[in-house]
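The values are calculated or read from the model by the stated rules, or taken from the named source; none is laboratory data. Worth saying up front: this structure is predicted, and the values here are computed from it rather than measured. Here the Cβ positions follow ideal geometry from the backbone for every residue, glycine too, while neighbour counts run over all protein chains shown.
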Amino acid sequence: MATPLRADDALIVVDIQYDFLPGGSLAVAGGDEIIEPINALSRRFRNVIQTQDWHPAGHISFASSHEGMSPFQIIELPYGPQVLWPDHCVIGTRGAEFSVALDIPHVQTIIRKGYRETIDSYSGFKENDHDTQTGLAGYLRERGLKRLFICGLATDFCVAWTAEDGIKAGFETVVIEDATRAIDTAGSLDAAWKRMNDMGVKRAQIGDFL
Ligand code: VGL
Ligand code: ZN
């Protein structure tokens, strides 16, 4: 049975950018496999929002910005632990662009995040200090959108943090599991699902909608 959708539903498509796809600097395994399904899913939603990871060169989340550090090591920043990444999604580079295979002509809003040099931002709602707002919650509220369906990359970072913040901001939040792919570093995928389950994020599959 297909999940009945409502006028106040929104699909949030997270970070379908070249650097997270095979061949990119922070490639997520199988990331390209979810693009066609997301195109199809998006046709079921009137309201579609995309997020875009958007970092200045020299961003604090890049291992290259910290002497002697390597990607996937973890450091302590004023706002808490931060995984260090390869340089990725640098403003103005091809790696930061959305894949041309992503075909959502009716996307309404694109939320860019992570553009402050000294704060990373996985979530589409709040930066990693858990305080600085992107504006997405206010946008959704002003538009009367109430239920969020989230897909994209990567399950254990930007998808999970967006879903958790969706719940915290008072939205019913569903992750479409097989329309995501994970980075899975140091147990991050299991940890992310545990947090999401504990917080009341629901889990659906593509087949529930098509
Ligand atoms: C992401 C790590 C760093 C993501 C973004 O989109 O999940 N992960 N920046
Ligand atoms: Zn990033």
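The residues of the stretch 100-115 that are over 18 Å from residue 150 (Cβ atoms), away from ligand 2 (no atom under 11 Å from the Cβ) and touching a residue at least 60 places away in the same chain (Cβ under 8 Å), listed by number, are 101, 103. Here residue 167 passes the criteria (1) within 17 Å of residue 55 (Cα to Cα); (2) in contact with a strand residue (DSSP E or B) (Cβ under 6 Å, 6 or more places away or on another chain) except the one numbered (1). Residues in the stretch 33-73 that are assigned to a loop (DSSP other than H, G, I, E, B) and within 13 Å of ligand 1 (Cβ to nearest atom): 6 in all. Cβ-Cβ distances below 9 Å connect the following pairs, each with a first residue in the stretch 157-175 that is touching a residue at least 60 places away in the same chain (Cβ under 8 Å) and within 20 Å of residue 81 (Cα to Cα), a second residue that is among the basic types (Lys, Arg) and within 13 Å of ligand 1 (Cβ to nearest atom), and a separation of six or more residues or different chains: 158/113.
Taken together, the residues in the stretch 130-183 that are in contact with a Ser or Thr (Cβ under 9 Å, 6 or more places away or on another chain), modelled with pLDDT of 95 or more and within 24 Å of residue 118 (Cα to Cα) amount to 18.
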